[in-house]
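Just so you know, all these numbers are worked out from the coordinates, no wet-lab data involved. Nothing here was measured: the structure is a model prediction, and the numbers come from that model. A quick note on method: Cβ atoms are made from the backbone with ideal geometry, for glycine too, and the neighbour counts reach across all protein chains shown.
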Amino acid sequence: MIEPEIDMGEGSAGFVLGSGEVAVLLIHGLTGTPTELRRVAIGLAKAGCTVYVPTLAGHCGDNADLQATGWRDWYEGVRKTFAGIRRKHEQVFVGGLSMGAVMSMYLASEHPGQISGLLMYSTTLRYDGWSIHKLAFLTPLLMKIPFGVHICRFEEKPPYGIKNERLRAIVERQMKAGESSNAGLLTMEGVTVRELHRMNAVVKKRMPSINVPALVLHSREDDITSRWNADYVERKLGGPVTKILLDNCYHMITVDLQYRRVVELSADFIAQRTVTPPVREAYRQLA
C-alpha cells in the first residue's frame with residue numbers, strides 16, 4: 001500500500017530533510033518562511049531525525065495573502081502536516097520559531113500524549129524586545145476599538161532579529177526586494193497582529209494543562225521578544241521545562257551566530273527522550 005504524501009502547506013517553500021525514525025515538525029514564524037529553520041533542520045537531519053518544515057497558510061506571498069488568513073488557518077495547515085507525520089512515525093517532536101513556538105504548544109494541547117517534546121525557539125507571547133517601540137504594549141487596547149486594527153501597521157527594522165551583520169545585510173536586501181519566500185515580509189498589518197494576540201490568549205489559558213517536556217531557547221539580547229517570554233513559559237507550562245539563554249545572537253536564533261548551539265541543544269534534548277537515540281556524532285562536527 002502506497003502511503004499518502006504528507007501535506008507540506010502552500011507553494012513549494014516547505015521541505016523535508018533526513019530519513020530517521022524519529023520525526024521533528026518545525027513551524028516557522030509569523031510573516032516568516034521555512035528558510036529560517038533550514039539550518040536547524042539540516043543539523044537535526046544529520047543527527048538522525050526526519051525533519052518536516054511546512055509553509056503556513058497565507059505565507060511566502062504578499063500581505064494580501066496573509067491578511068486573507070487567520071491563526072486557525074495557519075494551525076490547520078500544521079495539523080494536516082502533523083497528521084501525515086503521525087501516520088509514518090511513532091515518535092514526533094514539535095517546535096518552532098517565534099510564533100511557531102507558540103503554535104507548537106497549541107498543537108500539543110490539541111493532541112495530548114502524541115508529542116514527545118517541544119522545541120521552543122524565541123517564543124513570542126508579546127513583542128517587548130529592546131528594538132520594539134515603547135508604546136507597543138498599547139497595541140492590544142487599540143485593537144479593541146472600532147477600526148483600530150486598520151490603523152496599525154508594523155514594519156520590520158534593523159537589526160531584523162539578526163546580530164550577524166553579513167547575514168542581516170542579505171536578509172534586508174531580500175525583504176526590500178520582495179523575496180518573501182526567502183526572507184519573509186517587510187511589513188505586518190494590524191489584522192495579522194490581532195490574529196497572533198487571539199492565538200496567544202488561547203494558548204496562555206491552556207499552558208498549565210500541557211504536560212509535554214519542553215526545551216526553551218531564548219536570547220538574552222532578543223530585540224523582538226525579551227526573555228520575559230521564556231521565563232513565562234518556564235513558570236506556566238505544565239510539563240518539565242529546560243530553559244537555556246543564549247548570549248551572542250538576537251531573535252532569529254535558528255540562523256544567527258549561535259545556530260550551531262541551537263542544533264546541539266535540540267539534538268541532545270531529542271536524544272535523551274527517544275526510545276532509539278538518533279546518531280549524534282554528525283551534529284557534533286557542526287559545533
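Values for this structure:
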| read-out | value |
| --- | --- |
| Residue among Ile244, Ile170, Ile162 with the largest mean-square fluctuation in a Gaussian network model of the chain, springs linking Cα atoms under 10 Å | Ile170 |
| Extended-chain gain in nm, criterion 0.36 nm per residue less alpha-carbon gap, Glu234 and Ser12 | 76.4 nm |
| GNM result for the chain, Cα springs below 10 Å: residue of Thr50, Thr274, Thr225 fluctuating most strongly | Thr274 |
| Of all DSSP beta bridges in the chain, antiparallel share, percent nearest 5 | 20 percent |
| Value of [θ]222 nm, deg cm²/dmol, for the chain, DSSP H segments ≥ 4, -39500 (n - 2.57) each, nearest 500 | -11000 deg cm²/dmol |
| Acute angle (nearest 10 degrees) that the helix 71-88 long axis makes with the longest principal axis of the chain, alpha-carbon atoms | 10 degrees |
| GNM flexibility winner over the chain from Ser98, Ser109, Ser226 (Cα, springs under 10 Å) | Ser109 |
| Point-to-point label distance, Asp73-Lys157, nm (Cα→Cβ direction, 7 Å offset) | 2.9 nm |
| Ranked Arg168, Arg273, criterion: other C-beta atoms within 10 Å, fewest first | Arg273, Arg168 |
| Neighbour-count ranking [beta-carbon atoms within 10 angstrom, fewest first] of Lys46, Lys236 | Lys236, Lys46 |
| Rel. contact order, % - alpha carbon contacts under 8 angstrom, at least six apart, region 15-284 | 24 percent |
| For the chain: rounded, prolate or oblate by the Cα gyration tensor [a/c cutoff 1.5] | rounded |
| Estimated FRET transfer efficiency (Val275, Asn182; beta-carbon r; R0 35 Å; 0.05) | 0.40 |
| Residues Glu5, Glu156, sorted so that the one with the fewest Cβ neighbours within 10 Å comes first | Glu5, Glu156 |
| Cα-projected label distance for Glu90 with Arg166, points at 7 Å along beta-carbon direction, nm | 4.3 nm |
| Proximal charge balance of Lys205 [Cβ under 14 Å; K/R count +1, D/E count -1] | +3 |
